[in-house]
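Notes follow once the structure below has been shown.
The values are calculated or read from the model by the stated rules, or taken from the named source; none is laboratory data. Predicted model only: the values in this text are computed from it and were never measured. Don't worry about glycine lacking a Cβ; one is built from the backbone with ideal geometry, like all the others, and counts go over all protein chains shown.
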Amino acid sequence: MNKIIYKPSDRAYKVLVQGKILAKKETPQQMFERTVNTIFNVEKNLKIPIAETKLAKDKFAKFMAEKTFTPGTPTLTNAGRKGYGKSPLCSCALIPVDLKQKEASAKMIKAYYKQNMGSGFDLTPYADPVKLLIWLNNLALQETISGKYDRYIGNMANLHISHPKIKDFIRTKNKKKLNYFNLSVIINDAFMQAARKRGSFKMMDGARVSAYDLLKLIAESAWNCGDPSFLNLERMNKDNPLGNIAPYTSAPPCAEMGLTEGETCQFAYINISKFTTPKGIDYKKLEEVTRVVTRALDNAVEIGLNNFPHPKSTKIAKLKRKIGIAASGLADTLLYYNLPYSSTKARQLAKDVLSFINFVSKSESVKLAFQRGSCEAMKDKKNNKYYKNYLEKRYDFGTGKISKNQWKELDMYIKKTGKLRNICTTALPPAARVSILMDASTGIEPFFGIPAKVEELPSSIIDFVKKHAPLNVKEILNKAVTEGTFKNTSLPIHAKKCLKTAKEISPIGHLKMAAALVGNKGVVDETASKTVNLSSDATPKDILNILFCAHDLGLKNISVYRDNSYKEQPLKL
């Protein structure tokens, strides 16, 4: 087979260099080869036939070079790299520490930071969470200043809504600059019901407070600085197949999944815009890509098992072997099919594709289990929900490609055989840098905004304008980049609807897309990193209404960001 060439675009190359994903003096091709080789060399330890490994490895390399998918940036950074030989290939971790023991905690936190993972911290067990938060942020700051790390140190800190210090926690970022932490408030259905009825809510110390006033405070803080976000761990644990064994207590920096103590996860991102054809999505190719990505991520789990700083991470990884196949390129895909982001057809297309990825990845996980063995949780028939019709209850719907009966048959087969290699296989984490590496739009989000130069416009937008107004392309593009919107151009009305950016799309449009994918009957195992982007003139009352609406739609988490509310926002909307 001819050598497979990996060639990033100029913009992607900048990400590889500036993000320190490339080692010093390393070329993108060398990074590509060390990543592919590292991920598949581990199959020797699993006693997989050499010819089978080579076939899977060649597929993986071909699809990655074609930008149909990419592993997460920690995998690209760590895999086979000098100095990271004993690092797992994970993107996130809930670091197992007792923050009352600061010296020991600092040592363990630094060990996880060194492995380029984003981290989650549940501050609910502690009497003074704000003091601990400031200490943790200062630790991240000092570690960053040291220059020892190849990845930005990102963290999530969460606190339960019933904690006596919750008001101080909510206001923290209004008063202090905490660059290394996102904040989230853990809410539950009882709190939201009390807030809607303007009733009281019982705190941990027995005091009763106005639930509505607390929710209003959250909305005001989010309006002011973008934090805190919402995290409904109660709903996450309801859908957690091991909720009785390993309940979620926190989340990664962008809340795309629940994490139990010590838990980690590795991601790969499928660029769904690479499967578009005039006749519809190429599901045959999507199946092939999904299967090899599932296999590769399971290999990544295997690589990490004995390389974690704490044995709890090894134990939970063996128990669950959790992986996260994610998606990018949704906005590009919808544009190809002339679908506005807020439309019913757009949501259905997204559901069809992600349901298919979820189903195929589960099927492949069963296949891997027959060859490699099931994860340890499959030994626990009493507490593992897969033995209690989990998939049928969780995904009892039909989509354009996967029917209710198919989920039911898979569910029964797993229950009967006890074969499943990976407890969870799909999630929707943030996908900024990885999307750039694939020349794709970001994750499941709409286009964030219109760049200031025509040459910086995504090719999907340029192709779309050429298709709908071939005689006025230059004029339309110049006007759009000047004004930051296509709404005043000469494009047809429907075309302009398709080109609405994040802050031009109504909040309900954002929320309905998230609900379709990760709501009560969503199509993804975990949840999504999803932000409702608002224009600068949005009000705290607008945000309050969004929080109620998100809860009513069955969402497990939501972030709200008002344009220019944070002076150092990384991307101009």
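Summary table
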quantity: Tabulated pairs, the stretch 284-297, first at positive phi, second of a type in the set (G, A, S) and surrounded by 24 or more Cβ atoms within 10 Å (Cβ to Cβ), C-beta under 8 angstrom, 6+ apart or interchain; calculated: none
quantity: Failed item, numbered, when Y212 is tested on (1) aromatic (F, W, Y); (2) at pLDDT 95 or above; (3) closer than 16 Å to H160 by Cβ; calculated: (3)
quantity: Failed item in (1) crowded, with 20+ Cβ neighbours inside 10 Å; (2) part of a helix (DSSP H, G or I); (3) more than 20 Å from the chain's Cα centre (by Cα), with P309 passing the rest; calculated: (2)
quantity: Enumeration of residues in the stretch 338-368 that are of a type in the set (K, R) and surrounded by fewer than 20 Cβ atoms within 10 Å (Cβ to Cβ); calculated: K345, K367
quantity: Unique residue being buried (at least 20 other Cβ atoms within 10 Å of the Cβ) and either among the hydrophobic types (A, V, I, L, M, F, W, C) or touching a helix residue (DSSP H, G or I) at 6+ places or on another chain (Cβ under 6 Å) (or both) when the list is A61, A51, A104, A23; calculated: A61
quantity: Residue list for the stretch 221-234, restricted to those being charged (D, E, K, R) and surrounded by fewer than 23 Cβ atoms within 10 Å (Cβ to Cβ); calculated: E234
quantity: Candidate set: the stretch 188-201, residues that are crowded, with 20+ Cβ neighbours inside 10 Å and touching a strand residue (DSSP E or B) at 6+ places or on another chain (Cβ under 7 Å); chosen: the one nearest to M156 (Cα to Cα); calculated: F191
quantity: Any hit, the stretch 189-201, residues being free of Cβ contacts under 8 Å to residues at least 60 places away in the same chain, in a loop (DSSP other than H, G, I, E, B), within 22 Å of the chain's Cα centre (by Cα) and at negative phi; calculated: no
quantity: Condition met for G443 (at positive phi and either assigned to a helix (DSSP H, G or I) or of a type outside the set (V, I, T) (or both)); calculated: yes
quantity: Residue count for the stretch 202-220, restricted to those that are buried (at least 23 other Cβ atoms within 10 Å of the Cβ) and either among the aromatic types (F, W, Y) or within 19 Å of D563 (Cα to Cα) (or both); calculated: 1
quantity: Set T290, T314, T294, T333: member being of a type in the set (S, T, Y), assigned to a helix (DSSP H, G or I), more than 25 Å from E263 (Cβ to Cβ) and at pLDDT 95 or above; calculated: T333
quantity: Pick from the stretch 235-252, criterion in a helix (DSSP H, G or I) and without any contact (Cβ under 8 Å) to a residue 24 or more places away in the chain, ranking: surrounded by the most Cβ atoms within 10 Å (Cβ to Cβ); calculated: N237
quantity: 2 or more residues free of Cβ contacts under 8 Å to residues at least 24 places away in the same chain and farther than 21 Å from K148 by Cβ: qualifying helices (runs of 4 or more DSSP H) within the stretch 1-104; calculated: 10-18, 28-41, 50-65
quantity: Positions within the stretch 451-467 being within 15 Å of K479 (Cα to Cα), among the hydrophobic types (A, V, I, L, M, F, W, C) and modelled with pLDDT of 95 or more, in sequence order; calculated: V454, L457, I461, I462, V465
quantity: Condition met for A377 (in a helix (DSSP H, G or I) and not polar (S, T, N, Q)); calculated: yes
quantity: Scan of the stretch 514-537 for residues that are touching an Asp or Glu at 6+ places or on another chain (Cβ under 8 Å) and either over 14 Å from F230 (Cα atoms) or free of Cβ contacts under 8 Å to residues at least 24 places away in the same chain (or both), ordered by number; calculated: V518, K521, D525, E526, N533, L534, S535, S536
quantity: Matching residues in the stretch 490-513 - criterion: being more than 23 Å from G443 (Cα to Cα), surrounded by fewer than 20 Cβ atoms within 10 Å (Cβ to Cβ) and touching a residue at least 12 places away in the same chain (Cβ under 8 Å); calculated: S490, P492, H494
quantity: Test: residue in the stretch 168-187 that is touching a helix residue (DSSP H, G or I) at 6+ places or on another chain (Cβ under 6 Å), surrounded by fewer than 19 Cβ atoms within 10 Å (Cβ to Cβ) and in a loop (DSSP other than H, G, I, E, B); calculated: no
quantity: K521 vs. criteria in contact with a Pro (Cβ under 9 Å, 6 or more places away or on another chain) and part of a loop (DSSP other than H, G, I, E, B); calculated: no
quantity: Answer from A268, A255 - the residue that is assigned to a loop (DSSP other than H, G, I, E, B) and not charged (D, E, K, R); calculated: A255
quantity: Residue under evaluation L159, criteria (1) assigned to a helix (DSSP H, G or I); (2) in contact with a strand residue (DSSP E or B) (Cβ under 8 Å, 6 or more places away or on another chain), criterion not met; calculated: (1)
quantity: Neighbours by Cβ (under 7 Å, 6+ apart or cross-chain): first from the stretch 203-223, over 16 Å from I186 (Cα atoms); second assigned to a helix (DSSP H, G or I) and not acidic (D, E); calculated: E220/P540; W223/P540; W223/I543
quantity: Qualifying position, being part of a loop (DSSP other than H, G, I, E, B), surrounded by fewer than 23 Cβ atoms within 10 Å (Cβ to Cβ) and free of Cβ contacts under 8 Å to residues at least 24 places away in the same chain, among K479, K487; calculated: K487
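Condition check ((1) in contact with a helix residue (DSSP H, G or I) (Cβ under 6 Å, 6 or more places away or on another chain); (2) modelled with pLDDT under 95; (3) among the hydrophobic types (A, V, I, L, M, F, W, C)) across all residues:
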| position | (1), (2), (3) |
| --- | --- |
| M378 | no, no, yes |
| K381 | yes, no, no |
| Y395 | yes, yes, no |
| A432 | no, yes, yes |
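Here is a yes/no grid of residues against (1) modelled with pLDDT under 95; (2) over 20 Å from S343 (Cβ atoms); (3) buried (at least 21 other Cβ atoms within 10 Å of the Cβ):
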{"position": "A515", "(1), (2), (3)": "no, no, yes"}
{"position": "K521", "(1), (2), (3)": "yes, no, no"}
{"position": "S529", "(1), (2), (3)": "yes, yes, yes"}
{"position": "V532", "(1), (2), (3)": "yes, no, yes"}
{"position": "D537", "(1), (2), (3)": "yes, yes, no"}
{"position": "D542", "(1), (2), (3)": "no, yes, no"}
{"position": "N545", "(1), (2), (3)": "no, yes, no"}
{"position": "L553", "(1), (2), (3)": "no, no, no"}
